[in-house]
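Working notes, beginning with the structure itself.
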Amino acid sequence: MKLKKLCAILLASSMVLSLAACGGSGSEPKQDTAAEDTKEPEDANTDTADAAEEESGEDTAGDEAGADASGETGSSEENYYGGLVPLDDADDPITYTFFVRDPGVVPADNNPVIQKITELTGVTIKFEFLVGDLDQKLGVMIAGGDYPDVIFAGDAGSKLRDAGAFIPLEEEIPKYPNLNAMYGNVLKYLTQADGHVYDMEIYGTFQNDVTEVAPPFECALGFYIQKAVLEEAGYPEVKTVDDYFKIIEDYMANHPEIDGVKTTGFEILADGWRNWALLNPVQNLLGAGNDGAVFVNQDTLETSFFQISDDAHAFYQKLNEEYQKGVIEAETFTQNYDQYISKITTGAVLGFYDQNWNFQSAQDLLKADGKFERTYVAVPITNPGVKDGYLDKSNGIPSGTNGIGITVNCENPDRLLRFFDWLCQREVQDYLQWGEEGTDWVYSADGGKELTPERRAIVRDTARKRDETGLTLWNYCPKWQGIYTSDGMPCGTGESPDEYLASQSDYDKSFLEGYGIKYPAEMFSDPIVRAAYYPVWALTLEDGSPAAVANTKITDVTMKFYPRLILAKDEAEYESIWNDFLKEFNTIDLESYQTEIDSQIAQKMAK
Amino acid sequence: MSKMQKTLKRLAGQKVLFLMILPCMIYTFIFSYYPLSGWIMAFQNYKPAKGYSGSTFVGLDQFKFLFQDIEFWRSVRNTLAMSLMNLVFSFVFAIVFALLLNEIKSLGLKRITQTVSYLPHFLSWIIVCSLVSNMLSTNDGMVNNFLMAIGLIDKPVLWLGEQKYFWWVTTFSNVWKETGWNSIIYIAAISGIDQALYEAAELDGASRFQKMWHVTLPGIRSTIVVLLIMNLGWVLNASFEVPYILGSGLLQDVSQTIDIFVLKYGMSIGNYSLATAAGIFKSVISLLLVFGTNAVANKLGENSLM
């Protein structure tokens, strides 16, 4: 009797479950087909729209080419590149899928620039941005052999290379004039241990005959501080950690609230892989740039673990003091990235250690609200007497870890490379970055280039920038960066001094005047041309090797102990946590990590 | 001989039934047994580019690495603790909730309560964890505001920063999200109880509480045991999202579960062999748990699954 009832219940529950499951799986394809159904007519619409635009588009393209020819009396180089000339097989549409390791949003289908590029080349790039965890995503991709056509995986690309996901490019690149001009001189640095080149680096200016490195206008990482704080303190020189927190404390005392929000002195983001605010500052205090998990003595190339140095002890003790003074709040360690960004967006955060791209969105919002005095500037904080090493001047050597690779699943790599080569024409590059002359950009008084206010407004708006300009496409494809050597013109808006100055708000101009400098980067020591190995974080460790395990452990242990050190109740507790930290840190297999890094540095320096 | 013939005859008589069960067996084989062949990875230094045949065998090295790592044992402890707390509390809450719901006389109110209570089940953990972290925030968070208003604490507590609270946070996030959903089966079981039993109890003068205790609970006892056994098998799998999303460096000692450990030291650094070894470890423990509970249930005279 009991058994029967039990069976009945089980049966009933399993039926409910399976019904639910069937309902799920049954309705899904239905939805899919529905989506496709609605999509198709839409496609048809855009097709006709495309066709209509194609005519007008070609007209303008023709006009431009004409203007180019008449306006610039066509130097031979100009003719060689030939303006926005369509590719021969532009009427044969092809789509490539492109996975990007960054979280992001795909540009709108009706993005006029990308539409025009597709029209001129026949190539559509279908971007897929990262959702969730990159390593997981790549792991799944590798396990299933399910690769898109192109992948930009950053320093996680080594996994894909080891899995044999990429096709070798060393014999392909020389076939394409623009790609060859870009990568030809640095192929040896892109060559992996097996003798093949698998990726085309997309960030940085490499040794070549077309471009040279542009000087930085701003420092891209370090201790940021709100401009209002510096203004109120009378534009002081801020050089040490003590200086930095001193003016933050003073400002906090005078302004317990900013725009109705309680003032926060210093934020430390420690969310998942965004952990540099917690882990990195000490190497900067020692005068290094953004190097990695070891400090490298630039003269002797000796490596050491700065995490357990006396400098680290002193730095985190200082942070502990600031915590006790209420400048740092404990909640900073439990918040996630979104909470961090929204907190900065309130304008009530006075300082943080970060890299500019990471809080860019918050800064953009502050600018959009007109709160320019609440935006941030990096200051050259080091230990007393140490020359700061924040600014890089590229050595023209690709890191080997910021490349896009073409996968074995790509059916027509030749056409894709031809597309990339086509994109690397100067006219196309200018079109993607600057837009059209007159409407999007103009020549400045001293002959440089600057954007029109309309275009600047578009570029400042994340959504419009994505949906109305070609910057997404530009960003993830091979591209020229720096200054064109032929005429000294900047490749992009970010490298144009005229655009930098023109885009500054009145507040920023007076801020720079207050310091008597032209660019914020002038607060720092001159940019350093880095050694060939630089940086350590870009060295790849073999999957599953003891060095890779040790590397993960180093992050794990430091992530665990630094917050505790900062939140220590008093000095005695600080010291006891520090001792625990040393103990646990030293149980890591540090030697295999250090040996591996040392040998890789030696290898790279020997190239 | 005749016995075998008899068996064959019986089998032949049931061939329609065998045909009906065949698809299920194929399904189970393809999706549950065939993938087990991948366990071979755990004994290799597996590299995806080389495949099973090309990778070198390393014996029990991966297991050695796991068992020698204190972090792994911490993860095992955290997984077990969080899962068992989860199991116990979600059981108790779901059963009590079902019992109480059963006592509501107004049918409309009962339905509304039931629907509202299982809606959180359909929210993703990302959303639920954001809610939780906002509620527990020291900066104008609901829980701290409330506790301060009634005077229990005088300054905000960093709920998500202190190790001692974390297991409770995950447990009650789970309870909040799943109680309504988990109670559905009990409500179904309760509605299957013979009404005559209640009438008989009433005639005997049983109070409402006595009816719950002596009629309803025994009526769903077998359901409870079956679900307990089934859920125990999932204990080690049930702790990834919440600790992963709400955890931070501060909490690592109590928030890192086996799955998170495997993600960090297996998947993230391309050590698939280690991930597989940990998977095998989990399967073995789960099997032990299921068989153990089953045996206990048998001993106690309950219906067991096997």
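For this structure, a couple of remarks:
- For region B:237-266 versus region A:500-579, the gap between their alpha-carbon centres in whole angstrom: 25 Å
- Cβ-to-Cβ counts within 10 Å put A:Ser592, A:Ser486 in ascending order as A:Ser486, A:Ser592, the fewest first.
- Counting, for every residue in B:137-150, the Cβ atoms of other protein chains within 10 Å of its Cβ and taking the mean gives 1.
- Among B:Ser75, B:Ser117, B:Ser273, the ranking by other beta carbons within 10 Å of each residue's beta carbon, starting with the fewest, stands as B:Ser117, B:Ser273, B:Ser75.
- With R₀ fixed at 35 Å, the C-beta to C-beta distance from A:Ile517 to A:Gln324 puts the FRET efficiency at about 0.50.
- Dipole of region B:46-299 [Lys/Arg +1, Asp/Glu -1 at C-beta], most positive-end residue of B:Leu197, B:Val92, B:Phe63: B:Phe63
- Virtual spin-label span in nm between A:Lys509 and A:Trp273, 7 Å along Cα→Cβ: 4.1 nm
- B:Cys24, A:Cys491 arranged by Cβ crowding within 10 Å, fewest neighbours leading: B:Cys24, A:Cys491
- Shape class for region B:46-299: oblate, because the ratio a/c of the largest to smallest gyration tensor axis (alpha-carbon atoms, square roots of eigenvalues) is 1.5 or more and b/c is at least a/b.
- Centre separation in Å (Cα based) which lies between region A:448-499 and region A:170-243: 16 Å
- Once backbone amide H atoms are built at 1.01 Å from N, A:Phe223 has A:Val379, A:Ile381 as its partners under 5 Å, excluding neighbours fewer than 5 places away on the same chain.
- Based on DSSP H segments of at least four residues, each scored -39500 (n - 2.57), chain B has a per-residue ellipticity at 222 nm of -20500 deg cm²/dmol.
- Inter-chain shielding of B:249-255 (mean C-beta neighbours from other protein chains, 10 Å cut-off): 6
- Whether region B:1-140 is rounded, prolate or oblate, judged on the alpha carbon gyration tensor where a/c under 1.5 counts as rounded: oblate
- Computed E for B:Ile104/B:Met230 - FRET, C-beta separation, R0 25 angstrom, nearest 0.05: 0.35
- Gyration tensor verdict on the protein assembly as shown (Cα atoms; rounded if a/c is under 1.5, prolate if a/b is larger than b/c, oblate otherwise): prolate
- GluC sites (Glu not before Pro) restricted to DSSP loop in region A:278-337 with at most 14 other C-beta within 10 Å: A:Glu302
- Projecting label points 7 angstrom from Cα along Cα→Cβ for B:Glu162 and B:Ala12 puts them 7.6 nm apart.
- Residue list for region B:13-39, given a label point 7 angstrom along the Cα-to-Cβ vector of B:Tyr52 and an amide N cut-off under 11 Å: B:34-39
- Between the residues B:Met82, B:Val290, B:Trp167, the greatest Cα displacement towards the positive end of the dipole of region B:46-299, with unit charges on the Cβ of Lys, Arg, Asp and Glu, is found for B:Val290.
- Around B:Ile127: net Lys/Arg minus Asp/Glu count, Cβ-Cβ under 15 Å: -2
- Distance-filtered residues of region A:253-268 - backbone nitrogen under 17 Å, label point 7 angstrom along B:Met148 Cα→Cβ: A:256-258, A:260-265
- Hypothetical label at A:Asp526: residues of region A:496-519 whose amide nitrogen lies under 12 Å (7 Å Cα-Cβ projection): none
- At most 15 other Cβ within 10 Å, DSSP loop - trypsin sites (Lys or Arg not before Pro), region A:373-420: A:Lys387
- Estimated distance in nm for a label pair at B:Asn134 and A:Asp598, the labels positioned 7 Å out from Cα along Cα-to-Cβ: 5.3 nm
- For residues of A:328-339, the mean tally of beta carbons on other chains within 10 Å: 5
- Charge dipole magnitude, Cβ of K and R +1, D and E -1 - region A:151-239, Cα centre, debye nearest 20: 100 debye
- Region A:85-151 and region B:96-162: distance between their alpha carbon centers, rounded to Å: 42 Å
- Between the beta carbons of A:Asp310 and A:Trp537, assuming R0 = 25 Å, the FRET efficiency works out to 0.60 to the nearest 0.05.
- Comparing B:Val143, A:Pro236, A:Val100 along the charge dipole axis of the protein assembly as shown, the residue lying farthest to the positive side is B:Val143, per the Cβ-charge model.
Taken together, the values in this text are just the output of simple stated rules run on the coordinates, not laboratory data. Everything numeric here is computed off the predicted structure, so don't read it as measured data. Don't worry about glycine lacking a Cβ; one is built from the backbone with ideal geometry, like all the others, and counts go over all protein chains shown.
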